[in-house]
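Please read the structure below before turning to the comments.
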Amino acid sequence: MIKKSKSLKTSPLIILPALLALLAAAWSPQAFGADSRTPKVLLIGVDGVRPDALIIADTPNINQLIADGTFDPKCQILGDRYRESNTVSGASWSSILTGTWADKHGVHDNSFEGRNYEEFPHFFERIKAAQPDAKTISLVSVWGPIDRHIISAADIQDYVPLAGIRTANLNVPADEIAGNTRDGEWHHLLGMRRSDKIHLYLNGEHVADAYDRAGDFELQGKVYHIGRDARGGRLAFDGDIRGVRMWDRSLNEDEIGSVADGGSVGEPVLRIDDDIAGPKEIPLDDSLAALTRGDFTVSAFFRTTDTGRNIIMGNYGDAPAGHLNLELHTDNRVRLYVNPTDEDQEDRMVREERTDGTVTDRAVELLGSTDPTATWVYLHQPDAGGHRYGFSPHVPEYMQAIENVDRHVGRLIEAIRNRSTYDEEDWLIVMTTDHGGYETRHGGGHDIPEILTGFFLVSGDAVHNRISPEQTYIVDAVPTVLAHLGIELDPELDGQPIGFLD
């Protein structure tokens, strides 16, 4: 038999502290729905994900985020107010990361011409302005323009190019070039492969070289373009071109000087003497396709005042690979781009997965070793799978790319939960995409729902668990992040916070 203990007489001096503790708990912010934990955010961008594919893919980690948050499978990449930007990554990621449409941030396509990030900056800038001690991390996989053009105010900023890539990209900055190439005067640009290096010469003077990683291959496509490449649009040359030459060998220094002075050297594979004031197409016959099987030289005179990106000649976009472009790039840069055929390289999707994995490894490391307020992680492979095989839930390679991303998302979630301070932190995870896709494209998709429609996901203790009852837009990401961090929203932002508990 269990005996009852005798009652104890307790001193009021002993009871009082306990009562005060109970009263303090009753009046704490938590008792009224507030949260004293430190707010933190992880924004995950995944390129080129159609929501109809995401919904049926085997994505247990993303599905759990959906179950724990607010999800919209009909997020729009263009707004009702402004729809003039192209349905491509440069414009969309600018909208996502600034919280404004292109009429404000200025980026309408992948050229980034007209960008206005000083007035409408990356959201890290807004965080730093409100919370100067905040720590920010940016990690970008494969698509470098995000890292090069959009990101700012990152305490840690890493970009990982495509793994195992053999592309030779000689992109010479303005401070390495004497004079202004956009002054409306005639200039001469020559790109060349000689042995194990590629070279650029401007007006007969050597400006840069780099080791050639591309090796020998054949050009691909049906035509070779002068004054543009297969993309056209804003990348088409805005000015005049003359004296186009292509040799299936490297020129020596005397020959380069002679060509830059308007002289004639040997017998080129391609020679166009006429002035070219608009795009011109050259059939890509066997002799021209074989140009990149060994050493080569390409050159032309040009005249322009356009400070944006201008393609002098190229075939980029006519095939997944097998490209040779000679360009004027933004900010007075010059460029030679040599990209071998995929048959000469390890499978593209294998390399995409490896690169996304490397970025995730870095994110996991930093989430465990640093104390970030806001972290941005960008993964690329669904876009690559869509362009190569098709943006469709019926394409196995595209679906596999989405499922690969889900594993990386799972590792990011695990890294957050493994933080030693996790119990004192209020994490919000926001995830979205820049566009969908149709067949193997997404540009010019203003009237194609499969391109215009993405997804928007916000997950964490602070938000509802439901399908979003309201229409979402990609510009909602930044207001959602800022609201969670307790930062007052600039009325110039075009989006709104999504999913928060009332």
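Let's see how each residue does on (1) surrounded by fewer than 21 Cβ atoms within 10 Å (Cβ to Cβ); (2) closer than 21 Å to V377 by Cα; (3) of a type in the set (S, T, N, Q); (4) modelled with pLDDT under 95:
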position	(1), (2), (3), (4)
F71	no, yes, no, no
K74	yes, no, no, no
L78	no, no, no, no
G90	no, yes, no, no
L97	no, yes, no, no
Y117	yes, yes, no, no
#### Entry: Residue among G227, G233, G239 that alone is in contact (Cβ under 8 Å) with a residue 40 or more places away in the chain, within 28 Å of E113 (Cα to Cα) and in contact with a Pro (Cβ under 6 Å, 6 or more places away or on another chain)
G227
## Note on the structure
From the option list Y378, Y398, Y389, Y422, single residue qualifying as of a type in the set (S, T, Y), at pLDDT below 95 and at negative phi is Y389
### Query
Just wondering, is there one or more residues in segment 409-419 that are among the basic types (K, R) and assigned to a loop (DSSP other than H, G, I, E, B)?
yes
### Task
Could you tell me whether segment 224-242 includes any residue that is in the same structural domain as D183 (by TED's automatic domain parsing), more than 21 Å from L170 (Cβ to Cβ), modelled with pLDDT of 95 or more and touching a Phe, Trp or Tyr at 6+ places or on another chain (Cβ under 6 Å)?
yes
### Message
If a residue must be farther than 27 Å from H442 by Cβ, touching a Lys or Arg at 6+ places or on another chain (Cβ under 9 Å) and among the charged types (D, E, K, R), how many such residues does segment 368-416 contain?
### Response
1
### Task
Out of the residues in segment 360-388 that are among the hydrophobic types (A, V, I, L, M, F, W, C) and more than 19 Å from D434 (Cα to Cα), state the one that is surrounded by the fewest Cβ atoms within 10 Å (Cβ to Cβ).
V364
### Task
Just give me the residues in segment 160-193 being buried (at least 18 other Cβ atoms within 10 Å of the Cβ) and within 19 Å of the chain's Cα centre (by Cα), in sequence order.
V160, L162, I165
### Message
Would you confirm whether or not segment 368-378 contains a residue that is out of contact with any Cys (no Cβ under 7 Å at 6 or more places or on another chain) and free of Cβ contacts under 8 Å to residues at least 60 places away in the same chain?
### Response
yes
### Summary
Of the conditions (1) surrounded by 17 or more Cβ atoms within 10 Å (Cβ to Cβ); (2) under 18 Å from F71 (Cα atoms), the single one that R466 does not satisfy is (1)
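Per-residue answers, yes or no, for (1) within 30 Å of V88 (Cα to Cα); (2) surrounded by 13 or more Cβ atoms within 10 Å (Cβ to Cβ):
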site: D240; (1), (2): yes, yes
site: G243; (1), (2): no, yes
site: D248; (1), (2): no, yes
site: N252; (1), (2): no, no
site: I256; (1), (2): no, yes
site: G262; (1), (2): no, no
site: K280; (1), (2): yes, yes
site: L284; (1), (2): yes, yes
## Note on the structure
Of the residues in segment 431-468, those that are under 14 Å from L501 (Cβ atoms) and either in contact with a Lys or Arg (Cβ under 6 Å, 6 or more places away or on another chain) or assigned to a loop (DSSP other than H, G, I, E, B) (or both) come to D461, A462, H464, N465, S468
#### Entry: Residue list for segment 131-158, restricted to those being of a type outside the set (A, V, I, L, M, F, W, C) and under 10 Å from the mean Cα position of the chain (by Cα)
S141, G144, P145, D147, R148, H149
### Query
Only one of (1) closer than 27 Å to T38 by Cα; (2) more than 24 Å from the chain's Cα centre (by Cα) is not met by I429, so which one is it?
(2)
### Query
With (1) farther than 30 Å from P372 by Cα; (2) assigned to a loop (DSSP other than H, G, I, E, B); (3) at pLDDT 95 or above; (4) touching a His at 6+ places or on another chain (Cβ under 8 Å) as the list, and A153 as the residue in question, which single condition is left unmet?
(1)
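The values are calculated or read from the model by the stated rules, or taken from the named source; none is laboratory data. If you're wondering where the values come from, they're calculated on a predicted model, not measured in any experiment. Note that we place each Cβ from the backbone using ideal geometry, even for glycine, and neighbour counts take in every protein chain shown.
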